[in-house]
Amino acid sequence: MKKKISGNRALQSGPLESVFPGSTSKILDFLATFKDWDYSVSDIAKNSGISFKTALNEIKNLEQQGVIFRTRTVGKAIMYKLNLDSKQGYYIGKLIFELATKRSLESSETKTKTKVTA
């Protein structure tokens, strides 16, 4: 029996995911949006709308590349955060911000056009 995960996502569709669909994009969107806090693998999986196993594999890859880093351990859970001090993390954060800004502007233009024609 498959468990429905998408209902608990923190973001319905993040800016990076809208351009590059996939689990890595979902994780990066979540970590960049909520960059002030650190999260366990299960928190990242739940809030990104992906399975725990997928999150675990992607987090290992992102950590090896220096995009995310371990912040601390709480009980048995290792906490992770987007590494804005690395070049990759910094530019991923910038890209997500630019994509979100563009989406927001396009959305507001569409709403303005709708109001004018109505």
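Would you mind classifying region 39-89 by shape? Square roots of the alpha carbon gyration tensor eigenvalues, ordered a ≥ b ≥ c; an a/c under 1.5 is rounded, otherwise it is prolate if a/b is larger than b/c and oblate if not.
Judged from the Cα gyration tensor, region 39-89 comes out oblate (a/c at least 1.5, b/c at or above a/b).
Calculate one ³J(HN,Hα) per residue across region 89-102 by plugging θ = phi - 60° into the Karplus curve 6.51 cos²θ - 1.76 cosθ + 1.60, and present them in order as whole Hz with x for glycine and proline.
My calculation for region 89-102 gives x, 4, 6, 5, x, 5, 4, 4, 4, 5, 5, 5, 4, 4 Hz in order.
Karplus couplings for region 60-75 from phi (6.51 cos²θ - 1.76 cosθ + 1.60, θ = phi - 60°), rounded to Hz, Gly and Pro as x?
3J(HN,Hα) across region 60-75, in whole Hz: 4, 5, 5, 5, 4, 7, x, 6, 10, 9, 7, 9, 5, 10, 10, x.
Rank V41, S25, Q88 by how far each Cα sits towards the positive end of the charge dipole of the chain (+1 on Lys, Arg Cβ; -1 on Asp, Glu Cβ) and give me just the farthest.
Among V41, S25, Q88, the one farthest towards the positive end of the dipole of the chain is V41.
Rounded to a whole number, what % of the accessible area of region 24-118 do carbon and sulfur atoms account for, probe 1.4 Å? Please list the in-between numbers first.
On the way: 3380 of 6180 Å².
So the carbon and sulfur contribution to the accessible surface is 55 percent.
Order K87, K35, K102, K81 by their accessible area, 1.4 angstrom probe, all chains in place, largest first.
Ranked list, largest accessible area first: K87, K102, K35, K81.
Checking the a/c ratio against 1.5 first, then a/b against b/c, what shape does the Cα gyration tensor give for region 1-95?
Taking the square roots of the gyration eigenvalues as a ≥ b ≥ c, region 1-95 is oblate.
So, for the chain, what is the accessible surface per residue at a probe of 1.4 Å, expressed in square angstrom?
Details: 7990 Å² over 118 residues.
Value for the chain: 68 Å² per residue.
Can you tell me the dipole magnitude for region 29-99 around its Cα centre, using point charges on the Cβ only (Lys, Arg +1; Asp, Glu -1), in Debye to the nearest 20?
So the dipole magnitude of region 29-99 works out to roughly 220 debye.
Stokes-Einstein at 20 °C, 1.002 mPa s, Kirkwood radius from Cα pairs: D for region 60-106 in µm² s⁻¹?
180 µm²/s
Just from its helices, what would the mean residue ellipticity at 222 nm be for the chain, if runs of 4 or more DSSP H residues each count -39500 (n - 2.57) and the sum is divided by every residue, rounded to the nearest 500 deg cm²/dmol?
Using -39500 (n - 2.57) per qualifying helix, the result is -18500 deg cm²/dmol.
The values are calculated or read from the model by the stated rules, or taken from the named source; none is laboratory data. Model, not experiment: these values are computed from the prediction. Neighbour counts are summed over all protein chains in view; Cβ atoms, including those assigned to glycine, are modelled from backbone coordinates with ideal geometry. With ligands, DNA and RNA removed, areas are computed over all heavy atoms of the protein, side chains included. Shrake-Rupley method; radii C 1.70, N 1.55, O 1.52, S 1.80 Å.
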